[in-house]
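These notes concern the structure reproduced below.
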Amino acid sequence: MRLIKIRESWVSYLPKLLALSLLMIGLAFWFFQNYRIGIDSQTDRCIPEYRVYLIDLNDSKLIKGNIYAFKSKGVEPIFRDGTTMVKFLSAKENDFVEVSEKFNVLVNNEVVASGLPLLNKISNDAKDFNFANKFIGKKILGKGEMWFLGKSFTSFDSRYWGVVKNEQIIGRAHPLF
């Protein structure tokens with residue numbers, strides 16, 4: 001008799017359990033349609049304070065100083081093309097960017113970064129470091145072009161590979177921890 005009562009009480013919870021399961025699946029589907037979780041696994045992180053980011057796929061408003069995730073392009077042999085990178089937006093279209101011969105980076109005549117500490121990993125001689133689609137010199141960023149920098153001195157960023165195109169942007173990255 002007691003076994004029958006336990007079975008009946010469990011069966012009465014089945015519709016609630018099913019409804020809760022469907023709700024959780026729906027929420028998970030919605031979440032992954034709108035967000036991604038990004039984890040920076042590097043030992044020497046470009047933004048040292050954070051390792052985990054919530055990437056909002058729908059936040060496409062580009063604001064200088066905010067952090068964004070984008071797919072890399074033309075950064076081999078350091079990273080494979082398509083690697084997700086997270087950096088600060090330092091300049092966008094119509095901004096004036098200059099990389100001086102002493103490797104100072106200026107945006108609208110304001111120094112935002114200095115040096116190319118990773119240069120020796122890429123080339124033995126600065127003269128061999130060809131900024132074909134990157135650049136050393138001066139440039140006004142064109143339509144859909146952006147310049148990204150990390151916070152760390154050793155950040156592998158636009159100083160090394162130049163502009164990021166609008167189509168490479170994944171979304172705004174919100175640091176979690």
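The values are calculated or read from the model by the stated rules, or taken from the named source; none is laboratory data. From a predicted model like this one, the values you see are computed outputs, not experimental measurements. All Cβ positions, glycine included, derive from the backbone under ideal geometry; neighbour counts span all protein chains shown. These accessible areas exclude ligands, DNA and RNA; they are computed on the full protein's heavy atoms, side chains included. Shrake-Rupley method; radii C 1.70, N 1.55, O 1.52, S 1.80 Å.
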For the chain, the dipole about the Cα centre with charges only on Cβ (Lys and Arg +1, Asp and Glu -1), to the nearest 20 debye, works out at 680 debye
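Share of segment 1-106's accessible area from carbon and sulfur, percent, 1.4 Å? Don't jump to the answer; show the numbers that get you there.
Numbers: 4670 of 7530 Å².
Carbon and sulfur together cover 62 percent of it.
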Under 11 Å from the Cβ of Y35, count the other residues' Cβ atoms, weight Lys and Arg +1, Asp and Glu -1, and hand me the total.
0
Could you pull out the pairs from K102/K143; K71/K121; K92/K151 whose alpha carbons sit more than 25 Å apart here?
K102/K143
Find the accessible area per residue for the chain; the probe is 1.4 Å, ligands and nucleic acids are left out, and the unit is Å².
64 Å²
Say we join alpha carbon atoms closer than 10 Å with springs in a Gaussian network model of the chain; which of L116, L14, L27 then has the biggest fluctuation?
L14
Percent of Cα-Cα pairs per 10 Å bin, from 0 to the last occupied bin, for the chain, please list those.
9, 32, 28, 11, 7, 6, 5, 3, 1
Just to be sure I understand the curve: with the Debye formula and one point per C-alpha of segment 11-66, what is log10 I(q)/I(0) at q = 0.15, 0.24 Å⁻¹?
-0.66, -0.99
Distance between the C-alpha centers of segment 146-177 and segment 52-100? Whole Å please.
3 Å
Check which residues have an amide H placed less than 5 Å from A113's amide H, if you skip close sequence neighbours.
V105
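How long are the semi-axes of the equivalent ellipsoid of segment 1-101, taking √(5λ) for every eigenvalue λ of the Cα gyration tensor, in whole Å from largest down?
Result for segment 1-101: semi-axes of 49, 16, 12 Å.
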